[in-house]
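Inspection log for the structure reproduced underneath, given as structure tokens.
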Amino acid sequence: MNQRGLNRLAAAVVLPVVMGCQGGLHHEGEQRLTFMGSYGEPVSDGVAWKAGKGTGQNAALTVGYDYFVKDRLALMVNGTPYRIYNQSDGDVYAGEFQIGLRYYICDFDVFDRPMAFYAEALGGIMQGRRSVPETGHTFNFTQDTGVGFEWRIGENVSWISGYRVKHLSDGDFFDDENPAQNDQFVYTGLAISW
């Protein structure tokens with residue numbers, strides 16, 4: 001397909017979505033709780049950050065609180081009391097705390113229910129029972145960046161799902177080597193608003 005054909009295809013897909021934006025699924029002052037599960041795979045190519053040394057897949061359960069400081073813009077506080085890394089030296093359990101922002105780019109109706117796409121960024125700290133990655137430390141700083149969607153399935157209940165890229169390292173805090181792990185992961189869960 002040539003460039004002209006790609007432009008037409010993009011216009012056919014993107015313009016109806018953008019033109020269908022209704023002004024915001026969430027409004028200033030709204031609050032909500034989220035309950036999510038996630039699964040991640042390590043990435044070692046060093047595109048966004050230096051190449052990570054971690055090789056362990058991970059899974060987690062996360063509870064979050066969101067407060068909409070403006071229409072479409074949420075301040076997020078996430079706690080992950082259970083994250084497990086499947087490393088070559090055995091399973092490692094960790095807990096994590098993050099704060100961040102989520103911005104709802106566009107929303108529209110799907111089967112008479114509001115749906116929205118968003119972008120998000122979070123940062124925080126993680127404490128493991130043992131080192132993550134294997135050559136790293138028990139304490140790490142974390143940074144997540146991602147995109148996702150939310151679909152309202154009830155009056156105050158939404159299904160939320162997304163994709164994130166995670167970087168964790170000691171930030172040169174403990175030594176100059178700064179072992180890191182880079183992950184890509186998907187998450188899904190429920191959000192309850194009031």
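The values are calculated or read from the model by the stated rules, or taken from the named source; none is laboratory data. All of these numbers come straight from a predicted model, not from anything done at the bench. Cβ sites come from the backbone with ideal geometry, for glycine too, and all protein chains shown count toward neighbours.
Figure legend. Inter-residue proximity from the range 137-166: first residues without any contact (Cβ under 8 Å) to a residue 12 or more places away in the chain, second residues of a type in the set (S, T, N, Q) and not in a loop (DSSP other than H, G, I, E, B), beta-carbon distance below 8 Å, spacing 6+ or different chains. Indicated pairs: Thr138/Gln127; Thr138/Ser131.
I'd like to verify a number: residues in the range 92-107 that are within 24 Å of Leu25 (Cα to Cα), surrounded by fewer than 19 Cβ atoms within 10 Å (Cβ to Cβ) and not hydrophobic (A, V, I, L, M, F, W, C), how many? Matching residues across the range 92-107 total 1. Ser158 meets the conditions (1) among the hydroxyl-bearing types (Ser, Thr, Tyr); (2) within 25 Å of Tyr93 (Cβ to Cβ); (3) touching a Phe, Trp or Tyr at 6+ places or on another chain (Cβ under 7 Å) in every case but one. The failed one is (2).
Looking at Glu30, is it of a type in the set (D, E, K, R), out of contact with any helix residue (DSSP H, G or I) (no Cβ under 8 Å at 6 or more places or on another chain), within 16 Å of Gly124 (Cβ to Cβ) and modelled with pLDDT of 95 or more? Taking the combined requirement at face value, the residue does not satisfy it.
Contact map, the range 86-104: residues that are without any contact (Cβ under 8 Å) to a residue 24 or more places away in the chain paired with residues that are β-branched (Val, Ile, Thr) and surrounded by 15 or more Cβ atoms within 10 Å (Cβ to Cβ), Cβ distance under 8 Å, separation 6+ or inter-chain. Pairs shown: Asp91/Ile84.
Each residue in the range 60-94 was checked for being under 21 Å from Glu150 (Cα atoms) and either of a type in the set (A, V, I, L, M, F, W, C) or touching a helix residue (DSSP H, G or I) at 6+ places or on another chain (Cβ under 8 Å) (or both), and 10 of them qualify. Within the range 180-194, residues that are surrounded by fewer than 18 Cβ atoms within 10 Å (Cβ to Cβ) reach partners that are of a type in the set (Val, Ile, Thr) and part of a strand (DSSP E or B) with beta carbons closer than 6 Å, at six or more positions or on different chains, in the pairs Gln184/Val43; Gln184/Val165; Ile192/Val157.
Within the range 108-164, the set of residues being buried (at least 18 other Cβ atoms within 10 Å of the Cβ), polar (S, T, N, Q) and farther than 25 Å from Pro42 by Cβ comprises Ser158 only.
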